[in-house]
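J.: Before we start, here is the structure in question, set down as structure tokens.
The values are calculated or read from the model by the stated rules, or taken from the named source; none is laboratory data. Only a predicted model underlies this, so the values are computations on that prediction, with no experimental measurement involved. Virtual Cβ from ideal backbone geometry, glycine too; neighbours counted across all protein chains shown.
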Amino acid sequence: MRDRFGGIESLMRSGPTSPGRNHFGRAEGATARWTALALAGALAAAGCGGGEGPAEPEPPAIEKLVFAPELGVEIARMTRLPSGLYIRDLELGEGTRAQQQVGVRFNFQGWLHDGVPVDRGVYPANRFQPGAILGVDGEIYYLLGSGQTIAAWDLGLDGMRPGGVRQLVAPPRLAFGAIGSPDGRVPGNAVLVYRMEMIAVEP
């Protein structure tokens, strides 16, 4: 969740600029020698990353990961959303369907792909949690799509009904990014597995 652990980190990084062409024709004499030296320097800089330091590790390919057996993840049986989030309904609920800008309350459990638990609980537990609202029925809900949790939750809870259980497999950019959570429980570039249970949808 952004406000509890920190925002999603951008993975975009600019690469080295390619040396430009000489638009004035073929150089001769000293000009030609200067051009050759400049070109060699530019190529050397590009070859060593332009002085930007070591590149950040690439996030893992979800399809190639080996998940802990106890998590019950079967990527081939999951649906991949355009965002890159994988979802699978383990139980279908009944009643009002959750959608963006509607209040929801849910249970959640989260693990690293190797089975290490990272978080669990009821959300929101009270009105002071990020994104929590007071519904017209006097109950506390989280406003789905408000951006106050990780993006995987805002996307993955959409369409669930009360009593439904859904499994999520979230790539780093929809969770805690390249940096990970400030408390250290989620390392950088971690793929997370969540079990979400919809408790209630705002009437």
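J.: If you go through the range 127-166, how many residues are under 19 Å from the mean Cα position of the chain (by Cα) and among the hydroxyl-bearing types (S, T, Y)?
T.: Within the range 127-166, residues that are under 19 Å from the mean Cα position of the chain (by Cα) and among the hydroxyl-bearing types (S, T, Y) number 2.
J.: Could I ask something else about it? Keeping to the range 170-190, report how many residues are under 10 Å from the mean Cα position of the chain (by Cα) and within 28 Å of A200 (Cβ to Cβ).
T.: Number of matching residues: 4.
J.: Between Y142, Y123, which is surrounded by 22 or more Cβ atoms within 10 Å (Cβ to Cβ) and in contact with a Pro (Cβ under 8 Å, 6 or more places away or on another chain)?
T.: Just one listed residue meets the conditions, Y142.
Residue-by-condition table, conditions (1) of a type in the set (V, I, T); (2) at pLDDT below 90; (3) touching a helix residue (DSSP H, G or I) at 6+ places or on another chain (Cβ under 6 Å); (4) closer than 23 Å to F176 by Cα:
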residue	(1), (2), (3), (4)
G29	no, yes, no, no
A40	no, yes, no, no
L43	no, yes, no, no
G72	no, no, no, yes
G84	no, no, no, yes
D89	no, no, no, no
G95	no, no, no, no
G103	no, no, no, no
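J.: How many residues are within 18 Å of F108 (Cα to Cα) and part of a strand (DSSP E or B) when one looks only at the range 72-95?
T.: 6
J.: Moving on to the next point. Quickly run through the range 191-203 and pick out the residues that are over 15 Å from the mean Cα position of the chain (by Cα), buried (at least 18 other Cβ atoms within 10 Å of the Cβ) and part of a loop (DSSP other than H, G, I, E, B).
T.: E202 - this is the single residue of the range 191-203 that is over 15 Å from the mean Cα position of the chain (by Cα), buried (at least 18 other Cβ atoms within 10 Å of the Cβ) and part of a loop (DSSP other than H, G, I, E, B).
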